[in-house]
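Report on the structure given below.
The values are calculated or read from the model by the stated rules, or taken from the named source; none is laboratory data. Because the structure is a prediction, the values reported are computed rather than measured. Cβ atoms come from the backbone with ideal geometry, glycine included; neighbour counts cover every protein chain shown. Surface accessibility is based on the protein's heavy atoms, side chains included, excluding ligands, DNA and RNA. Shrake-Rupley method; radii C 1.70, N 1.55, O 1.52, S 1.80 Å.
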Amino acid sequence: MKTQVIPVPQPDAGLGDRPRGGFGAAVRAEWTKFRSVRGWVIGMILAALLTIFVGVFAAANVNIGCGTSGGSQHSGKACLPYVPHGPGGT
């Protein structure tokens, strides 16, 4: 009985003059697939805008300051802790 040898293509084997495979080719193929579906691109743009708007609206009502509960609010140098000074002001 004779066994037939079947050649196994190598991942870096070329098709004609152009080499096939590699990380760059995979990235290009995935990018082409991603941008060819209109819904995916629109969804990603909406997700980015939603993330930005949530951050802006969440930061709009933030009061950055210090104070005691029920007391007046302070900001700037008034929020720094008291540092005791020694003799001669050092």
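Structure summary
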{"quantity": "Index of the failed condition, Gly39 passing every other in (1) modelled with pLDDT of 75 or more; (2) open to solvent by 100 Å² or more (accessible area, probe 1.4 Å)", "calculated": "(2)"}
{"quantity": "Residue match in the stretch 3-17 (condition: at pLDDT below 90 and assigned to a helix (DSSP H, G or I))", "calculated": "no"}
{"quantity": "Lone qualifier among Leu50, Leu80 - being open to solvent by 100 Å² or more (accessible area, probe 1.4 Å) and either of a type in the set (Lys, Arg) or modelled with pLDDT of 85 or more (or both)", "calculated": "Leu50"}
{"quantity": "Members of the stretch 53-76 found to be surrounded by fewer than 10 Cβ atoms within 10 Å (Cβ to Cβ) and modelled with pLDDT of 75 or more, listed by number", "calculated": "Val56, Phe57, Ala58, Ala59, Ala60"}
